[in-house]
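The structure appears right after this line, and notes come after that.
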Amino acid sequence: MVDCTGPADEARRGPRKAAQRARRTPELSEPKDLIVEIGTEEIPASFMAGALAALGEGIEKRLRAAGLGYSAVRTMGTPRRLAVLVEALAPVQPDRKIQARGPNVKAAYDENGNPTKALAGFAASQGVAPGDLTTIKTPRGEYVYAEKVVKGERTERLLPAMLADTVSSLSFPKAMRWSAFEMSFARPVHWILALYGKEPVRFRFGHIESGSTTRGHRFHSPAKAVAVGEASRYVETLREASVIVDPAERLEIIEKGLEEEARAAGGRVLADRGLLEEVTNLVEYPVVVHGRFEEEFLALPKEVVVNAMREHQRYFSVVDDKGRLVAAFITVANTRASDMGVVRRGNERVLRARLSDAKFYYEQDLKVPLTERVEELRGVVFQSRLGTSYEKVMRFTALALYIGGKTGFCEGVAGDDPAAFLADDYRVRLAAAKDSPKEYAALILGRACVLSKADLVSGVVGEFPSLQGKMGSIYASASGEPAEVAAAIYEHYMPVGASGELPASVPGAIIGMADKLDTITGCFGVGLIPSGAQDPYGLRRQALGTVAVILDKGLRVAIDELVDKALDLLAEKLTRGRDEVRRDVLDFIRERLRNQLLGRGLSHDAVEAVLSTPWFDIVDAVKRINAIEGFKEHPACPSLVTAFKRVSNILKGRRIEGRGPDASLFETDHERRLFETGRRLAPVIEEHRRKGEYKALFEALASVKETIDAFFDHVMVMVDDERTRNNRLLLLHSIRSLYISVADLSRLVV
């Protein structure tokens, strides 16, 4: 902007106006902090991490798009607010050069090279002289261009639209609308604070207009509005209003308080990172306090007591130096009462009722043997189209026994009905099988299968669903079941998450696989296929778990055969074509396997080389991939892969008919040598493949390098003579068959 004022004008305006002008000028070049806070009703703790990440990323994306510099972006929040602080935000966009395209050169100049009216009009529209224009050749012809500098816009003018767009673009797992307003949010919005330095940034979100005030703690700072004088003072202003807005600071306060209160209670805190992060997002002003409960509740299983405190009350457990529970708990309050004893006693009273309920359920559960609960599963619907939990248990019991037989874990199961493992003579048969390890293993596996879901109808699991499997294991032990059965019941749910603990026992691993494969195949069979973020039955997690268990236990079993068996058992439930379901399930599992292998750091091309060939023996597939990773370092690998790529390209899309090449049709020694090399290598490579000696297999394959290079250097494959051409294609096909069942080496990147 050009300043057209002179000394006389300045003098007439007076010294005060001149002073204001002098103060404003340096401020324009000084970065200032930006604070944006969205004030709401209490947001669920589980929403906070995602919402703050989205808020920070949204601001950063828009600042970068606008070319505005800054030193840091910090997100902060409490249950009642989401905030982002941008530190040292530039006051103005940088100037930028732009090119504007004008008319084609032919239209811009006449035959004598003089500017036309079209050129003059374009120059005038761009505010430049015709002589300042340039010409640039493009694929569409030569055009006239104007280059000009666009002055950067002031930040304060850009922010209103930028902030309104950021806030309105936030999404949540569940959003709500309120009153008659059009906008939606996780919870109703009550205020918005937006300051750039000391100046408010005005914008609207629905009916809410941004301002320069926030609100403090609901009880400790009851004033309706708290003025924030400057963005850089935001954190301290809220601290004075009894709000610790930085989650990291709240977490640190809570961790320190937990340690102190645990010592006072005579122990240490039972580590629970998930609960710690959840509680951090439940409070604005954390106050840590411990309480006690009656020793009699320590007779309950540790998991029951811990879950009663954690799931319902968000209490932390206290343990001694040996990991045993102490009759104490720690809670994090959101207020500091004048008498914290009142807070302590109130929490003790609530917990006493919770533990009394848990004790009642547990004692009632013990009165019913686990075997008698299996029948109750007939009344529990697993999925409306896939039947009851009882039907599911019977299916995956049969599948587990099939897996056990295929892996060599067990054999010699008496009877075809999985319900036979509930028969009264089970213990007699188990004792009789002590000297027959594989029959004994089958009896353990079958018994654990049929009992694995019985705890779903127990009182404790009804109250604490996260204890499924664990309570089944406890009740199995209490009923006198073998230790292997009790362990497998607990372990078959593993792994719970992507990095969760894996089953320690083979029965637990096999039952878990069978259960997961029944769920995956069944859901695909009735059209319940994951799409996008929608995966209500956790099929991705279950497929990943299946792959992880197979690799962890080294189970040599073909996953396609297991899917076939699962489909047999689900035959009456399928609403889609069997072949289509089979293909979709195997593709789904292969994709999870691919992701897991890439996550382990294996190279993409090696993974694709194997997964594009028969991969169903997952342990063997990984062994092949590892061998390829080593083979890529072999001196012969680059040229060999190049040759195999040529083979694949020539054969691609061609239907090769015939059992093999006819040696009598060879016209050159190069054809004969390649044929003899392939014939000599075939049994060697097959023996290595059968034994899983893939390093030796690839070493043997490397010996074909010189012969195949010479073939391509001297032999034309696609000749006019059909018989010769087809015979050479058959020769290449026979060479490709040496390796294609192990890996498609043409996919390697060298």
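What follows draws every value from the coordinates through simple rules; no lab data is involved. The shown structure was predicted, so the numbers you read here are calculated from the model rather than taken from an experiment. Here Cβ is always computed from backbone atoms with ideal geometry, including for glycine, and neighbour counts include all displayed protein chains.
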Extreme residue, positive dipole direction of segment 111-192, given options THR116, ILE192, SER179 (C-beta unit charges):
SER179
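Taking 8 Å as the Cα distance limit and 6 or more residues as the minimum spacing, I'd like the relative contact order of the chain as a percentage.
About 7 percent, as a whole number.
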What are the extents of the Cα atoms of segment 266-366 along their three principal axes, in Å, largest first?
43, 26, 24
About the Cα centre, charge dipole magnitude for the chain (Lys/Arg +1, Asp/Glu -1 at Cβ), debye
2060 debye
Determine by what factor the alpha-carbon radius of gyration of the chain differs from 2.2 N^0.38 Å, reporting the quotient.
1.34
Of LEU701, LEU34, how do they rank once you tally other Cβ atoms within 10 Å and put the fewest first?
LEU701, LEU34
Net +/- balance of residues flanking SER71 in space, Cβ distance below 10 Å, scoring K and R +1, D and E -1:
-2
Normalised convex hull volume, segment 73-123, alpha-carbon set, Å³ per residue:
152 Å³
For VAL289, VAL557, what's the fewest-to-most ordering of other Cβ within 10 Å of each Cβ?
VAL289, VAL557
Students often forget the sequence filter, so: which lysines lie under 17 Å Cα-Cα from LYS565 once same-chain residues fewer than 8 apart are removed?
LYS392, LYS406, LYS516, LYS573
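Once you have the alpha carbon radius of gyration of segment 189-243, what is it after dividing by 2.2 N^0.38 Å, with N set to its residue count?
Ratio of Cα Rg to 2.2 N^0.38 Å: 1.11.
If I require 30 Å or longer along the helix axis, counting alpha carbons, and a Kyte-Doolittle average no lower than -0.5, what helices from the chain are left? Use full DSSP H segments.
45-66
Considering only DSSP states other than H, G, I, E and B, which GluC sites (Glu not before Pro) in segment 165-245 qualify as loop sites with at most 13 other Cβ atoms within 10 Å? Please list the in-between numbers first.
Numbers: sites: GLU182, GLU209, GLU230, GLU236, GLU240; in loops: GLU182, GLU230.
The qualifying sites are GLU182.
Give me the dipole magnitude in Debye, nearest 20, for segment 100-208 about the Cα centre, with unit charges on the beta carbon: positive for Lys and Arg, negative for Asp and Glu.
Dipole of segment 100-208, to the nearest 20 debye: 480 debye.
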In vacuo Debye sum over C-alpha of segment 372-601, base-10 log of normalised intensity I(q)/I(0) at q = 0.07, 0.08, 0.18 Å⁻¹, listed in q order, is -0.21, -0.27, -1.45
Could you give the length gained on full extension between MET183 and GLU294, defined as 0.36 nm per residue of separation minus the Cα-Cα distance, in nm?
35.0 nm
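List the GluC sites (Glu not before Pro) within segment 596-646 that fall in a DSSP loop (any state other than H, G, I, E or B) and whose Cβ has at most 11 other Cβ atoms within 10 Å.
Here the sparse-neighbourhood loop sites are GLU633.
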Arranged by the count of other C-beta atoms within 10 angstrom, fewest first, what order do LEU574, LEU399 take?
LEU574, LEU399
Surrounding net charge for GLY206, when Lys and Arg each add one and Asp and Glu each subtract one, Cβ distance under 14 Å
0
How long, wide and thick is segment 204-295, going by the Cα atoms along their three principal axes, in whole angstroms, largest first?
55, 26, 23
Around PRO530, what is the net charge, scoring Lys/Arg as +1 and Asp/Glu as -1 over all other residues with Cβ under 13 Å from its Cβ?
-1
Over segment 266-366, relative contact order from alpha-carbon pairs under 8 Å, at least 6 apart, %:
37 percent
Go ahead and run the numbers for FRET between SER603 and ARG680, Cβ-Cβ distance against an R0 of 45 Å, rounding to 0.05.
0.90
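Roughly how big is segment 372-601's charge dipole about its Cα centre, with Cβ charges of +1 (Lys, Arg) and -1 (Asp, Glu), in debye to the nearest 20?
620 debye
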Selected from LEU745, PRO130, VAL86, residue furthest toward positive end of dipole (the chain; charges at beta carbon)
PRO130
Nearest-0.05 FRET efficiency for ARG429 and GLU580 at R0 = 56 Å, using Cβ-Cβ distance, is 0.85
Among chymotrypsin sites (Phe, Trp or Tyr not before Pro) in segment 132-186, those in a DSSP loop whose Cβ has at most 15 other Cβ atoms within 10 Å are TRP178, PHE181
Given N residues in segment 96-149, what is Rg(Cα) / (2.2 N^0.38 Å)?
1.06
What value, in deg cm²/dmol to 500, does the helix sum -39500 (n - 2.57) over DSSP H runs of n ≥ 4 give at 222 nm once divided by the residues of the chain?
-16000 deg cm²/dmol
Gyration tensor on Cα atoms of segment 406-494, a ≥ b ≥ c root eigenvalues, a/c under 1.5 rounded, else prolate if a/b beats b/c, else oblate, says prolate
Pull out the extension gain between ALA663 and PHE360, defined as 0.36 nm times the separation in residues minus the alpha carbon to alpha carbon distance; nm, one decimal.
100.7 nm
What nm value, rounded to one decimal, do you get for the distance between SER338 and GLU249 when each label is placed 7 Å out toward the C-beta?
2.8 nm
Selection from VAL228, GLY216, TYR490, by position along the positive dipole direction of the chain (Cβ):
VAL228
